[in-house]
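Worksheet for the structure shown next.
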Amino acid sequence: MNSTPHIENSQAVIAGVGQLDVGGNLTQIGVQNIHQHDPSAVWKQKYPNTNPYPKPNFFADSREEELADVHTRLQGGSCLVLVNGTGGIGKTSIAAAYCADHAEEFDHIVWVHCENTIRNALIRSPLFGRLFPPGAFAPGTPEDVILDQILAQLASAPGRNLLVLDNANDGADLIATRAKLESLRGWSVLLTSRADRTGLPERKIGTLSPERARNLFCKYFPPASEQTELLDRLLGAIGWHTLLTECLAKHLADRLEKGKTASLQGLCDGLTATGALTLPRAGSVKVDWHNHPEVSPDALLDALFSLSELDQEAQALLLRLSLLPAEPQSLTKVLYPLFGVAEEAAEAAFDARLDALARSGWLEFFKGEGYRVHPLAGEALRRQLPHGYADCKDLVERLVDLMGSEEVHLDKRLDLCDAARSVAGRIAGADNGRVALLLVYLSDTEFAAGNFADTERLMAEAARMFEVAGDVENHTVALERLGRYFQNIGDFDRALEFFEKNNQLREELYVSDLQDEWLKNGLAISYSKLGDLWQKRGDLDRALEFFEKHTELFEELYASNPRNEWLKNGLAISYERLGDLWQKRGDFDRALEFFEKKLILNKELFEVNPRWEKNKLDLAISYSKLGDLWQKRGDFDRALEFFEKCNQFNEELYASNPRNEGLKNGLAISY
């Protein structure tokens, strides 16, 4: 068996989304009609600007032309502009600067970071929770339908608004989504992307001019201003690339701050020695700078970000940060919980480490938002550092503990969903039981919050990974979760497929160790799920077959531990189901047999704990079922006897809690 702990086979993850019946099935999804949701209520208060990036200082005098062109385009006939350019050239900074310069012109500014498709980004962004209450869409609702409703709600916003879709790098997705974005009434749409030849209205972003590149470099490393000719050769060799210019300068500034040798000549010699850079000859630097450079920053970043200069602790921290989404990560909501920072002294030390890495160019800091690893720097880190499960086990385990704990409030778990999704997706060779467990808890969290769009995919991927990892026990639980999901959305054929796979594996496990009570209980639950599903499909013979198998196993479990109240209650529920089923088939004698067995167990539970409302309610239900059965058999005296006992308990329940409408309704039915 795999050493991964068993997933809790409980229904707690969907409590609050619907109501559970006595068999643990979701009987009512909390789905609201989205067309009845008042669109205007969403915008009664101004949607807070969500631009997480302040305007970079050097933009004040370095990107006027590009910013002016973007502004003209968004003011004109087109409501959509694609800011296009190679990675690290400053596309996100241009979008941030535009938002800062023109914030007063828009009633609402919404910034969405796109890791994958635009559709997925909008569905999983904080915007979704603002627009729709939990459970607004039923499980299984197609994501294209959800996207259309998101855009419809955005179109209901008053005034003039701006939607920024950052890092939308999937060219095919841009082309497919264009028409919907252009038809978004009342909104200007600003996209940033590395994708080229999309056909969208675009503003290409070139590298910095030589003068501006020099200014940026000297801002971080002033001594370079005394070596203009060598600086131009260096900057010309990297194509005046924005990110590389800044990183090279910060690298030298960091060495200088630490008391190490830091010279422009030494930097050039080091980069040329590695083969990552070829300096042009003196006097041959092109002053007609490229508009769209062909230089690839990968080799330079790998050479520049030399991990040999970092201690093991800094390397480990950077690796873990590079697995998180490439957008600012909040200290309090994400980074402190993920790295176990709980005390004030620890916060100060952790902040100091992050600040040091930001000063040296490894991280970017955004005041009020947090830290991030630039996408290109993150790629460089993942190229250089091993990042399988064994290499970042502690981060995965921390996420598993946080996402899987019922003691962690749902809101806090939702804050970690993007981090969990990113870590699970970026771990090399992630077919590991613990990573699969993280996906299970991520799926559970999304489902509990009513965000059903990703529930099935995450759980299916977890099931696949459990299977690859050879973790049969958790594989069965993931299959059961998938069966339950499809049953809840009314797709009984798919539900049956997963319940049968789950049942087959559980039977194989049980045969391998007939004395294992955990395996016996799991198989019993599997039979119960199949019985319930066949009953919903109207096949009472198949339902009876599986309920009888379930009851047989539960009787064995109870016989081995008759003082276990949970087992006694479970067996009572099993008898009730068999009684109901035989009654539906018209066999009142068999139904009476099981209802009487249920009554005996309910009486024993009540005698042990008569003050517990559930025990009293279950006993009342037993009397009611027997009364109903005797009435159907024509014995009104016996029926009256049981209905009067049921009524007595219902009156006591209502008297103890007269404001409970369910108890009041139950008493009315009893009368």
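The values are calculated or read from the model by the stated rules, or taken from the named source; none is laboratory data. Being a predicted model, the structure only gives us computed values, none of them experimental. Here Cβ is always computed from backbone atoms with ideal geometry, including for glycine, and neighbour counts include all displayed protein chains. To get the accessible areas, we keep the full protein, side chains included, count just its heavy atoms, and leave off ligands, DNA and RNA. Shrake-Rupley method; radii C 1.70, N 1.55, O 1.52, S 1.80 Å.
Rounded to whole Hz and in sequence order, give me ³J(HN,Hα) for the range 389-395 from the Karplus expression 6.51 cos²θ - 1.76 cosθ + 1.60, θ = phi - 60°, writing x for Gly and Pro.
Each residue of the range 389-395 in turn: 4, 4, 7, 9, 4, 4, 5 Hz.
Please work out the FRET efficiency for the pair Ser263 and Ala68, using the Cβ-Cβ distance as r and a Förster radius of 56 Å; give the result to the nearest 0.05.
0.90
Keeping every protein chain present and rolling a 1.4 Å probe, give me the accessible area per residue for the chain in Å². Can you show the working numbers first?
Numbers: 29830 Å² over 671 residues.
Here the residues of the chain average 44 Å² of exposed surface.
Excluding same-chain residues fewer than 8 positions from Lys219, which lysines have a Cα within less than 25 Å of its Cα?
Answer for Lys219, where 25 Å is the Cα cut-off: Lys55, Lys91, Lys250, Lys258, Lys260, Lys286, Lys367, listed by chain and number.
Alpha carbon centre of the range 537-596 versus the range 358-420: separation in Å?
Answer, in whole Å: 48.
Excluding residues fewer than 8 places away in the same chain, name every one of the aspartates and glutamates whose C-alpha is closer than 12 Å to that of Lys204.
Glu65, Glu66, Asp69, Asp196
So, in Å, what gap is there between the alpha-carbon centers of the range 426-472 and the range 602-671?
43
Per 0.36 nm of contour for each residue apart, how much would the distance between Ser225 and Glu613 grow if the chain were fully extended, relative to their Cα-Cα spacing?
On the way: separation 388, 0.36 × 388 = 139.68 nm, distance 8.04 nm.
Contour length minus the Cα-Cα distance gives 131.6 nm.
Return the whole-Å distance between the Cα centroid of the range 157-197 and the Cα centroid of the range 114-153.
Here the answer is 15 Å between Cα centres.
Ignoring ligands, DNA and RNA, please state the percent of accessible area on the range 609-671 from carbon and sulfur, probe 1.4 Å.
Numbers: 1960 of 3950 Å².
With neighbouring chains kept in place, the figure for the range 609-671 is 50 percent.
When the Karplus curve 6.51 cos²θ - 1.76 cosθ + 1.60 is applied with θ = phi - 60°, which whole-Hz ³J(HN,Hα) does each residue of the range 416-424 get, with x for Gly and Pro?
So the J values, rounded to whole Hz, are 9, 4, 5, 5, 4, 5, 5, 4, 4.
Determine the relative contact order of the range 69-222: mean sequence separation of Cα pairs under 8 Å and six or more apart, normalised by residue count, in whole percent.
Values: 216 pairs, mean separation 58.3, N = 154.
Taking the mean separation of contacting Cα pairs over the length of the range 69-222, I get 38 percent.
Could you tell me what a quarter of the Cα convex hull surface of the range 414-517 works out to, in nm² with one decimal place?
Values: hull surface 28.4 nm².
Convex hull of Cα atoms, orientation-averaged projection: 7.1 nm².
Using modelled amide H (1.01 Å from N, peptide plane; none on Pro or chain starts), what sits under 5 Å from the amide H of Ser188, excluding residues fewer than 5 places away?
Asn161, Leu162, Leu163
In the range 503-536, whose amide N lies under 13 Å from the spot 7 Å out along Cα-to-Cβ of Ala138? List them in ranges.
none
Going by the alpha-carbon gyration tensor, a ≥ b ≥ c the square roots of its eigenvalues, is the chain rounded (a/c under 1.5) or, if a/c is not under 1.5, prolate (a/b greater than b/c) versus oblate?
Prolate, because a/c is 1.5 or more and a/b exceeds b/c.
For Cα pairs less than 8 Å apart in space and 6+ apart in sequence, what is the mean separation divided by the residue count of the chain, i.e. the relative contact order in percent? It would help to have the intermediate numbers written out before the result.
Details: 961 pairs, mean separation 69.5, N = 671.
Dividing the mean separation by the residue count of the chain yields 10 percent.
Okay, which of the range 472-488 sit inside 14 Å, backbone N to the point 7 Å along the Cα-Cβ direction of Glu508?
Residues 472-477, 479 fall inside that zone.
Do any chymotrypsin sites (Phe, Trp or Tyr not before Pro) in the range 427-509 lie in a loop, going by DSSP, with at most 15 other beta-carbon atoms within 10 Å of their beta carbon, and if so which? Numbers along the way, then the final one.
On the way: sites: Tyr441, Phe447, Phe452, Phe466, Tyr485, Phe486, Phe492, Phe498, Phe499; in loops: none.
Of the chymotrypsin sites (Phe, Trp or Tyr not before Pro), not one in the loops of the range 427-509 has a Cβ with at most 15 other Cβ atoms within 10 Å.
If the limit is 31 Å between Cα atoms, which of Lys536/Lys568; Lys536/Lys614; Lys536/Lys664 go over it? Could you put the intermediate results ahead of the total?
Numbers: Lys536/Lys568 26 Å; Lys536/Lys614 26 Å; Lys536/Lys664 29 Å.
Where the Cα-Cα span goes over 31 Å, no listed pair is concerned, since all stay within it.
Quick query: amide H of Ile205 versus all other amide H atoms, modeled in the peptide plane; which residues come in under 5 Å with a sequence gap of 5 or more or a different chain?
Asn84, Gly85
Go ahead and estimate [θ] at 222 nm for the chain from helices alone: -39,500 (n - 2.57) per DSSP H run with n ≥ 4, summed, over the residue count, rounded to 500.
Details: 29 runs with 387 residues, N = 671.
Helix contribution divided over all residues of the chain: -18500 deg cm²/dmol.
Please list, by residue number, everything in the range 485-527 whose backbone N is under 17 Å from a paramagnetic label point 7 Å out along Cα→Cβ of Trp566.
Correct set: 516-526.
Within the chain, what's the longest stretch lacking GluC sites (Glu not before Pro) that sit in DSSP loops with no more than 15 other Cβ atoms inside 10 Å?
Working: sites that count: Glu8, Glu294, Glu343, Glu406, Glu407.
Result, exposed sites excluded: 9-293.
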